[in-house]
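Notes follow the structure.
The values are calculated or read from the model by the stated rules, or taken from the named source; none is laboratory data. Computed from a predicted structure; not experimentally measured. For neighbour counting, all protein chains shown are included, and Cβ atoms are generated from backbone atoms with ideal geometry for every residue, glycine included.
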Amino acid sequence: MKVAIVHDWLVTYAGSEKVLEALLAIYPDADLFSTVNFLEKDQRGFIQEKEVNTTFIQKLPFSKKRFRFYLPLMPLAIEQLDVSAYDVVISSSHAVAKGVITGPDQLHISYVHSPIRYAWDLQHQYLKESNLQKGIKGIVAKSILHYMRMWDYRTSNSVDHFLANSTFIGNRIKKVYHRNSTVIYPPVDVSAFCLHEKKEDFYLTASRMVPYKKMDLIVEAFADMPDKKLVVIGAGPDFEKVKSKATDNITMMGYQAFDVLLNHMQRAKAFVFAAEEDFGIIPVEAQACGTPVIAFGKGGALETVVGLDKEHPTGVFFDKQDQESLKQAVQTFERHSAKFISADIRKHALKFAPEIFKKEFEEYVLAEYKKFG
C-alpha cells in the first residue's frame, strides 16, 4: 500500500501538525506533500526529516512570512500536486489539503480538523476581526471567500471518506459538504502531563492571546472575583489588552516554557477554558494532570470534559461566553469540588492518548482499503 500524506502548510508545530506526526508514525514510508514548507531545521523532527513536495507558492515573493496572503491561489496550488502514483492518499485538512486531485483507482481519506473556518460559519467573525466588512477591501475579501466556499464544496466530492476530529466537526462536515464522517479524536501526548493530586488555591488559564480564545473574558470575570486567584500564561497580539484588565488577584505571566506551564497545570485547582474549539487539546492536557476544567459548553469541550451530570465528572460547563455565566460556573465548581477525583480525571484523559488514535486510524484505513480494492 503506497501512501501519500497531504498537509495544508508546514510553518509551525501546532495541533494539526501533531496529527501529522502521528500519521507519519503509522506510515513511516509515506511521501509528504504540502502547499509550502517553511519549517526551520530544528523543527523538522516531527516530520522525520522527510523531503516535502511543495507547490509554486513556496517560491512566490514574501511567501515565507506572508503565505496566507496567497490563500486565493491555494486551490490552484494544491491541485498541481501530483499524487497519481499512490494507492492511498491521506489529507490532513483545515483549509485546502482535501482538494488534492485523485483518480478513480485511488482511495482518498480526508482527516478534517475543520472545513475552512473563515469561509463558512465563521466568515462574519473573520471579516469583523480583520476590519474587512466594508469598502473595496471588504468586497474583494467577500468575493474571495465566496470563491473558496464554492471550491471547497466542489472538491468534497472527490473525497472517498471523511474522518472528523470530533462530533462537533462531524456536524460541520455534514452541514457544509452534505457528507457523513467517522470521528477519530486527535492524539494528545498525555504521557507528558503527569498526575498531581495535591492542588493549590489558584485557577489557571493558558492560551494564545487572540480574540476567539476569550482570554479577556476570563480575566474580566476573575477581576470581579477578588477573593479568587488566577494565573494567566500565554502571549499574542491581545496580550496588552488582556493585561490592562487584570487586577491584583490576577498574575499575567506571558509566554512560558513547557515545564513552567506543566508545573502550574499540575498545581492549579482548576483550568479555565472559554473558547469554542473544534476539539481543544489543552483541556485534555490539564485533565491528564488530574486537574478539573471549567469550560465553555460548546464545541469540542463537550466531548473531552465530563460534566457534573455524569458519573466521575472532570469539569463544569458554562453556557454563555460572558462574565456572569463564567462566575456562576466557578461558584458551582467550588460547591462540588469534592466530586472531582484527580485519578479519575486523568483516567478519562488517557482515552485521547496517541496510541489510541494510531490504532483506530490504521484499522480504519486498512478496512477501507480492503473494501476499495
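For region 134-168, taking the residues that are surrounded by fewer than 14 Cβ atoms within 10 Å (Cβ to Cβ) and among the polar types (S, T, N, Q), the one that is farthest from VAL88 (Cα to Cα) is identified as SER143. A residue that is over 25 Å from LEU20 (Cβ atoms) and part of a strand (DSSP E or B) cannot be found anywhere in region 170-184. Per the listing HIS348, HIS312, the residue uniquely in contact (Cβ under 8 Å) with a residue 60 or more places away in the chain and either buried (at least 18 other Cβ atoms within 10 Å of the Cβ) or within 26 Å of the chain's Cα centre (by Cα) (or both) is HIS348.
For region 191-219, which residues satisfy the criterion of being surrounded by 19 or more Cβ atoms within 10 Å (Cβ to Cβ), outside any loop (DSSP other than H, G, I, E, B) and charged (D, E, K, R)? Answer for region 191-219, where residues must be surrounded by 19 or more Cβ atoms within 10 Å (Cβ to Cβ), outside any loop (DSSP other than H, G, I, E, B) and charged (D, E, K, R): just LYS213. Could you please let me know if VAL188 is closer than 18 Å to ILE90 by Cβ, in a loop (DSSP other than H, G, I, E, B) and either among the aliphatic types (A, V, I, L, M) or assigned by TED's automatic domain parsing to the domain that holds MET74 (or both)? Answer is no for this residue.
The single residue among PHE279, PHE296 that is touching a Gly at 6+ places or on another chain (Cβ under 7 Å), more than 21 Å from HIS196 (Cα to Cα), surrounded by 15 or more Cβ atoms within 10 Å (Cβ to Cβ) and not small (Gly, Ala, Ser) turns out to be PHE279.
Remark: pairs (first residue in region 155-166, in contact (Cβ under 8 Å) with a residue 12 or more places away in the chain and in a strand (DSSP E or B); second residue surrounded by fewer than 20 Cβ atoms within 10 Å (Cβ to Cβ) and among the basic types (Lys, Arg); Cβ separation under 7 Å; 6+ apart in sequence or on different chains) = PHE162/ARG179. Sort out which residues of region 119-133 are touching a Phe, Trp or Tyr at 6+ places or on another chain (Cβ under 9 Å) and surrounded by 13 or more Cβ atoms within 10 Å (Cβ to Cβ), and write them in order of number. ALA119, LEU122, GLN125, TYR126, LEU127, GLU129, LEU132 - these are the residues of region 119-133 that are touching a Phe, Trp or Tyr at 6+ places or on another chain (Cβ under 9 Å) and surrounded by 13 or more Cβ atoms within 10 Å (Cβ to Cβ).
Residue pairs whose Cβ atoms lie under 9 Å apart, separated by 6 or more positions or on different chains, with the first residue in region 69-87 and within 24 Å of MET1 (Cβ to Cβ) and the second of a type in the set (Asp, Glu), are ILE78/ASP8; VAL83/ASP31; ALA85/ASP31; TYR86/ASP31; ASP87/ASP105.
Suppose we filter region 211-269 for residues that are of a type in the set (Ser, Thr, Tyr), under 22 Å from CYS289 (Cβ atoms) and under 20 Å from the mean Cα position of the chain (by Cα); how many remain? Within region 211-269, residues that are of a type in the set (Ser, Thr, Tyr), under 22 Å from CYS289 (Cβ atoms) and under 20 Å from the mean Cα position of the chain (by Cα) number 1.
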